[in-house]
């Protein structure tokens, strides 16, 4: 700094900062040998905090407002300096202006996928990206922990640190949210608010808060995307049976419009056969559904007992109950006729078996004597 800069520093009475950038968090006021004129005015605008640093130690901090730099406004600095000469000579101190507005141009993203366990898809790899807002809530802690003696501290100097912190907390936030993969889009706002609270608590020791955290997108690997697309397509088709018949009919119509020789005829014939088989199966299914109770296929008929009868010393049969009824009608079976079935020890008269009572009920009584 030359002679003119030194002289200009002696006569300048206002200490202020007009930010002409969008990414400066802390800016140190430049003065020749850090000398600030006693009685100069300090102008701190809204969204700013001015911090005085003397010999590496934070002395005073000023919120928005206009302050004459006098002893009564600098009690801590006055104690540190221990002035004995009326406080009229310039004193040496560094003034840092800290920007406390929200920085909204902050982006984040996962370079490597986050591995999670999903109840439906099992282990999945997720990538995500979005934006967030950061602001300084404790200027003195920020100077102590991150800025140090940097004359111009920008967002790019802290953004990578914040991104790593976000990615480190993202997996835990997604896992503890208990949200299925297919429902993540509906819960992105809630997860973003949860992450904002977690990050704000984590960054409290450096004086930074995260008032807003936005998850713009959560994506899965390409192979999982293809599987989801197939599932979505199947859901959009609906009834696969009707869709197959529709495709077959459309193919037949196109083949009829464009007879392309033997190949086209073969394709048309194959599609026709396929459609015929499909329609036959469908019609068979519909018929079975209409004939069976509740639309289900009826069970097989139970096996009926087979009977044998003795007529004129000859064994005849086997007969089921329907066949026995026919023998009753023909006069070959009566109450005294010997019968036998599997499980009986010997032949017995039909009239002695209760299970044949319904069959013998149709036997006419004997004719009256003439």
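Computed from the coordinates by the stated procedures, all read-outs in this text should not be read as laboratory data. Not measured: the values here are computed from a predicted model. For neighbour counting, all protein chains shown are included, and Cβ atoms are generated from backbone atoms with ideal geometry for every residue, glycine included.
In nm, what is the difference between 0.36 nm times the number of residues separating residue 161 and residue 23 and their Cα-Cα distance?
On the way: separation 138, 0.36 × 138 = 49.68 nm, distance 1.56 nm.
Extra length available between residue 161 and residue 23 comes to 48.1 nm.
Roughly how many whole Å is it from the C-alpha centroid of segment 147-204 to that of segment 52-66?
Here the answer is 31 Å between Cα centres.
Starting from the Cα of residue 183, step 7 Å toward the Cβ, then list every residue of segment 109-129 with an amide N under 15 Å from that point.
118-121
Please quote Rg/Rh for segment 103-224 to two decimal places, taking the Kirkwood radius as Rh and restricting both calculations to Cα atoms. Before the final figure, lay out each step's value.
Numbers: Rg = 15.8 Å, Rh = 15.3 Å.
Looking at segment 103-224, the ratio lands at 1.03.
Ranked highest first by average number of other Cβ atoms within 10 Å, how do 93-102, 168-177, 127-136 line up? Display every interim value, and only then the final one.
On the way: 93-102: 21.5, 168-177: 15.6, 127-136: 19.5.
Highest-to-lowest ranking by the protection proxy: 93-102, 127-136, 168-177.
Under a point spin-label approximation (7 Å from Cα along Cα-to-Cβ), what is the residue 225-residue 119 distance to one decimal in nm?
Going by the 7 Å Cα→Cβ label model, 2.7 nm.
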